[in-house]
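Notes for the one structure printed next.
The values are calculated or read from the model by the stated rules, or taken from the named source; none is laboratory data. Just so you know, these numbers come straight off a predicted model, no measurement behind them. Note: ideal-geometry Cβ built from the backbone for every residue, glycine included; neighbour counts use all protein chains shown. These accessible areas exclude ligands, DNA and RNA; they are computed on the full protein's heavy atoms, side chains included. Shrake-Rupley method; radii C 1.70, N 1.55, O 1.52, S 1.80 Å.
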Amino acid sequence: MDIIKERFKAKADAAATEIKELLKEHGSKKIGEVSLSQVYQGMRGITGLVTETSLLDAQEGIRFRGYSIPELQEKLPKAKGGSEPLPEALFYLMLIGELPTEDDANRITSILQRRSHVPNHVFAAIDALPITTHPMTMYVVGVMALQTESVFAKNYADGLSKKDYWESTFEDALTLIARLPRIAAYIYRRKYKNSEHIQPDGLLDWSGNLAHMMGYDDESFYELMRLYMTIHADHEGGNVSAHTTHLVGSALSDCYLSYAAGMNGLAGPLHGLANQEVIKWIYEMQKEIGSEEPTAEQISDYVQKTLKSGKVVPGYGHAVLRKTDPRFTAQMEFGKKHMPDDKLVNTVWKIYDTVPPILQSLGKIKNPWPNVDAHSGALLVHYGLVEYEFYTVLFAVSRALGVLASLIWDRGLAFPLERPKSVTTQSVKLWLEGKDEIWEG
Ligand code: CMX
């Protein structure tokens, strides 16, 4: 067995024993209360899931196995000559729970390189779609076409024992992660570059290769991809893409089915699609104002107009965060280092100065601060990646690292089928009148 797999198994067995003891002693302890408004309003704040890979703090932002983004930038292994973390190294951290050595990170990189070959029928499935198809639809179709490769599905059909679920899931997760850059780059070149495809470079790291196959062979773009693939990888378990992957996976759907389901959620404008919406919104503002460099006053007027027309300001607000997203800050730092005079990047910073007080003044928005999507597009545009409909695909490639590491953990801990209780408004009314019982599972 591969050494990383062995390490995971040892960690998962120890954690499973610990959880068993924990539940034996404290299983009936109440972790919180559920109010009727939470039931009707998106289950905000209800603790109902265990996700080992990362934890979100409303004030401080995301921590991956306890490490903040600046800490990851400092402590995770880097590519030769690079200063941003290798996302493969973050995958190791999320999976094993310990910082990888350079050797550990290289080991993951080389597993991903070896498994990166995408079978031709996947490209044929993507090619069957009209060229006007949204890149996220092409991407999910590509992932679904790749499901023919699932080791878990094959082994399950052959009569897999429960105790071995984790191992086939482990294999599927690594193979799927290895192939996603090729699928993403294929979609990009098909839709925007006349199907002039670029073969992978077997010597490059996972993100460097993604950049290369898309046609961006600039060392600072490689660095952006490494940062981008790191910061988008995970955001604890309750967000739509992570939760959906976990939920679908709880039915023992394999990694391909579960991840594709999660990415359909990422493709919604309140979640990952917000990254394309931000750039679209800025372009529309520039067009209306007739300038590439809107003033604070012009931005303010345009925000008011957006709100008056019943739309959200994309890239601002969050269901959990209550401060500026550290993923936004990390990208701002990258911008200051690599492109301090870029007009669009400077506009993003001006929007950051202008929008929060306006949103705050409305009184109903719980978080007026920018999230990850407020910044990402402008950095990509700087390098010529102007096709904003593609941006969510990059988010999706990165998100695979977190949700699939989590799915391996779900199997390692033998988590059961997820099945919360739902109610009807009629039953709620009867309960309020004292005519019905509190309902249980
Ligand atoms: N612009 C305008 N109105 C906003 C807003 C924004 N950026 N953010 C929240 N609101 C509104 C909500 O629509 C809601 O209005 P109603 O009461 O009229 O329905 C009200 O403020 C309260 O919302 P909230 O409790 O503060 O926020 P939610 O937890 O309901 O929603 C989110 C969170 C992200 C969906 C919301 O802030 C939003 O729509 N933001 C813009 C889209 C976006 O950037 N999404 C990306 C999030 C990060 C990611 O997943 O990638």
For this session: Working carefully through the options I46, I62, find the one that is within 16 Å of the ligand (Cβ to nearest atom), crowded, with 24+ Cβ neighbours inside 10 Å and not in a helix (DSSP H, G or I).
Result: I62
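Of all residues in the stretch 227-255, which are without any contact (Cβ under 8 Å) to a residue 40 or more places away in the chain and more than 12 Å from the ligand (Cβ to nearest atom)?
Here is the first cut: in the stretch 227-255, the residues without any contact (Cβ under 8 Å) to a residue 40 or more places away in the chain are 240, 244, 248, 253.
Result: T244, V248, S253.
Quick one: which of E149, E84, E88, E98 is touching a Phe, Trp or Tyr at 6+ places or on another chain (Cβ under 7 Å) and among the charged types (D, E, K, R)?
Values: E149 fails: touching a Phe, Trp or Tyr at 6+ places or on another chain (Cβ under 7 Å); E84 fails: touching a Phe, Trp or Tyr at 6+ places or on another chain (Cβ under 7 Å); E98 fails: touching a Phe, Trp or Tyr at 6+ places or on another chain (Cβ under 7 Å).
Going through E149, E84, E88, E98 in turn, the sole match is E88.
Could you run through the stretch 381-425 and say how many residues are within 20 Å of G238 (Cα to Cα) and away from the ligand (no atom under 16 Å from the Cβ)?
The number of residues fulfilling the criteria is 19.
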Problem set entry | Which numbered condition A125 fails, given (1) open to solvent by less than 10 Å² (accessible area, probe 1.4 Å); (2) free of Cβ contacts under 8 Å to residues at least 60 places away in the same chain | (1)
For this session: Would you please list the contacts, defined by Cβ atoms under 8 Å and residues six or more apart or on different chains, that run from a residue in the stretch 256-272 that is closer than 13 Å to V240 by Cβ to a residue that is within 9 Å of the ligand (Cβ to nearest atom) and part of a loop (DSSP other than H, G, I, E, B)?
Result: G265/H271; L266/G272; L266/L273; A267/L273; P269/P314; L270/V312; H271/N239
Problem set entry | Count of the stretch 90-121 residues which are assigned to a loop (DSSP other than H, G, I, E, B) and of a type in the set (A, V, I, L, M, F, W, C) | 2
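Of the residues A378, A374, only one is modelled with pLDDT of 95 or more, more than 14 Å from the ligand (Cβ to nearest atom) and either buried (at least 23 other Cβ atoms within 10 Å of the Cβ) or not assigned by TED's automatic domain parsing to the domain that holds G97 (or both); which?
Values: A374 fails: more than 14 Å from the ligand (Cβ to nearest atom).
When all the criteria are applied, what remains is A378.
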Problem set entry | Unmet criterion (only one of (1) within 16 Å of the ligand (Cβ to nearest atom); (2) of a type outside the set (A, V, I, L, M); (3) within 26 Å of L174 (Cα to Cα); (4) assigned to a helix (DSSP H, G or I)) for Q276 | (3)
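Quick one: which of Q73, Q38 is more than 16 Å from the ligand (Cβ to nearest atom) and either modelled with pLDDT of 95 or more or not in a loop (DSSP other than H, G, I, E, B) (or both)? Don't jump to the end; show me each part of the working.
Values: Q38 fails: more than 16 Å from the ligand (Cβ to nearest atom).
Sole residue among the options that is more than 16 Å from the ligand (Cβ to nearest atom) and either modelled with pLDDT of 95 or more or not in a loop (DSSP other than H, G, I, E, B) (or both): Q73.
One residue is enough: does the stretch 164-177 have a residue meeting the conditions touching a His at 6+ places or on another chain (Cβ under 7 Å), closer than 22 Å to M263 by Cβ and buried (at least 19 other Cβ atoms within 10 Å of the Cβ)?
Step one: list which residues in the stretch 164-177 are touching a His at 6+ places or on another chain (Cβ under 7 Å), which gives none.
No - not one qualifying residue is present in the stretch 164-177.
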Problem set entry | Filtered residue count, the stretch 253-293, keeping only those that are over 12 Å from the mean Cα position of the chain (by Cα), open to solvent by 50 Å² or more (accessible area, probe 1.4 Å) and under 30 Å from E167 (Cβ atoms) | 1
For this session: Provide a single number: the residues in the stretch 420-441 that are exposed (fewer than 10 other Cβ atoms within 10 Å of the Cβ) and in contact with a Phe, Trp or Tyr (Cβ under 8 Å, 6 or more places away or on another chain).
Result: 3
For this session: Look through E18, E33, E88, E25 and report the one residue that is among the charged types (D, E, K, R) and surrounded by 13 or more Cβ atoms within 10 Å (Cβ to Cβ).
Result: E88
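When you scan the stretch 133-247 for helices (runs of 4 or more DSSP H) that lie fully inside it, which ones turn up with 1 or more residues that are closer than 22 Å to R7 by Cβ? Steps first, please.
On the way: elements: 135-145, 151-157, 165-192, 206-214, 219-231.
The qualifying helices (runs of 4 or more DSSP H) are 151-157, 165-192, 206-214, 219-231.
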